[in-house]
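Worksheet: one structure, shown below.
The values are calculated or read from the model by the stated rules, or taken from the named source; none is laboratory data. Owing to the predicted nature of the structure, the values given are computational and were not obtained by experimental measurement. Every residue, glycine as well, gets a Cβ built from its backbone with ideal geometry; the counts of neighbours run over all protein chains shown. Just the protein is used for accessible areas: all its heavy atoms, side chains included, with ligands, DNA and RNA removed. Shrake-Rupley method; radii C 1.70, N 1.55, O 1.52, S 1.80 Å.
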Amino acid sequence: MGTAGDLQFVDPQKAGIAFLAATAEIRPDGSIVFRPRTQRLQLPEGAAAIAVVRIESPEQHAVPRAEPVLYGLKQIAATPNVRGLQIDYDARLSERAFYKTVLQALRSVTLKPVGITALVSWCSGDRWLDGEPIGEAVPMFFRMGRNESRNMRVESAVCRGAIGISTDEAWPDVRPDRKTRIYLFNPRAWTQADYAAALRRVEEWK
């Protein structure tokens with residue numbers, strides 16, 4: 001569940017919380033600016049919290065070094081009560097070598113579980129994530145590209161344990177296996193009413 005502000009109304013027995021912990025901006029010269037979250041976040045006691053780090057980049061840039069990103073990720077992973085990391089990076093084809101370097105080196109800076117978000121195409125025909133050292137890749141079935149559809153088949157094994165959907169878009173026609181972890185995005189700040197409506201919609205999803 002994506003976050004903003006006060007989320008103490010979330011039942012930790014029914015949902016965990018994935019929150020934006022930092023943004024890493026790759027600049028045209030390849031330098032990286034790491035910006036930790038500044039907004040206060042209030043979570044219910046016992047909530048399973050996953051720290052999300054978003055990596056953004058311009059269309060053209062020099063090859064960045066992995067070390068600044070790894071240092072930032074290490075600091076975020078050390079945040080109290082964070083159970084794992086999730087990297088959100090829509091890496092272009094030219095950026096995959098850099099991304100793989102980060103993922104492979106990340107195991108040396110934290111023992112916490114590491115997952116990533118993934119374009120659905122990465123989990124279907126373009127299975128470049130197979131074999132990478134990640135716990136899960138979450139295919140994001142919203143804000144999809146021109147060559148993607150909400151009913152695309154997930155083929156990669158690393159993508160089969162989770163799914164990302166949004167409250168403001170249609171979901172795949174068929175719900176995945178009940179064991180599949182659902183990451184639910186809300187384009188606005190979560191409220192208790194939105195949370196209750198989302199739980200109902202998930203329960204009614206067949």
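I'm trying to understand the selection: among the residues of the range 104-133, which are in contact with a helix residue (DSSP H, G or I) (Cβ under 7 Å, 6 or more places away or on another chain) and buried (at least 20 other Cβ atoms within 10 Å of the Cβ)? Of everything in the range 104-133, those that are in contact with a helix residue (DSSP H, G or I) (Cβ under 7 Å, 6 or more places away or on another chain) and buried (at least 20 other Cβ atoms within 10 Å of the Cβ) turn out to be L106, V114, A118, C123, L129.
Of all residues in the range 6-38, those being in a loop (DSSP other than H, G, I, E, B), of a type in the set (G, A, S) and under 20 Å from P58 (Cα atoms) number 2.
What do you reckon, is V63 touching a residue at least 24 places away in the same chain (Cβ under 8 Å), surrounded by fewer than 15 Cβ atoms within 10 Å (Cβ to Cβ) and either part of a strand (DSSP E or B) or among the aliphatic types (A, V, I, L, M) (or both)? Taking the combined requirement at face value, the residue satisfies it. I'd like to know if the range 87-98 contains one or more residues that are in a strand (DSSP E or B) and not basic (K, R). Among the residues of the range 87-98, at least one is in a strand (DSSP E or B) and not basic (K, R), which makes the answer yes. Restricting W128, W122 to those that are among the aromatic types (F, W, Y) and in a helix (DSSP H, G or I) reduces the list to W122.
Of note, S108 does not satisfy the criterion of being among the small types (G, A, S) and under 17 Å from the mean Cα position of the chain (by Cα). Here is a check on your reading of the model: is P176 closer than 27 Å to P44 by Cβ, open to solvent by less than 60 Å² (accessible area, probe 1.4 Å) and part of a loop (DSSP other than H, G, I, E, B)? Judged against the criteria, P176 is a match.
Looking only at residues of the range 66-84 that are of a type in the set (A, V, I, L, M) and touching a residue at least 40 places away in the same chain (Cβ under 8 Å), we find that the one that is surrounded by the most Cβ atoms within 10 Å (Cβ to Cβ) is V69.
Among the residues of the range 1-44, the ones that are charged (D, E, K, R) and under 25 Å from I163 (Cα atoms) come to 4 in all.
Residues are listed down the side, and each one gets a yes or a no for (1) hydroxyl-bearing (S, T, Y); (2) under 25 Å from K179 (Cα atoms); (3) modelled with pLDDT of 95 or more; (4) surrounded by fewer than 18 Cβ atoms within 10 Å (Cβ to Cβ):
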residue	(1), (2), (3), (4)
T3	yes, yes, no, no
A22	no, no, yes, no
E25	no, no, yes, yes
Q39	no, no, no, yes
Q42	no, no, no, yes
G46	no, yes, no, yes
V52	no, yes, yes, no
E56	no, no, yes, yes
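Within the range 134-169, being assigned to a loop (DSSP other than H, G, I, E, B), at pLDDT below 95 and surrounded by fewer than 15 Cβ atoms within 10 Å (Cβ to Cβ) holds for R143, G145, R146, N147, S149, R150, N151, R153, E155.
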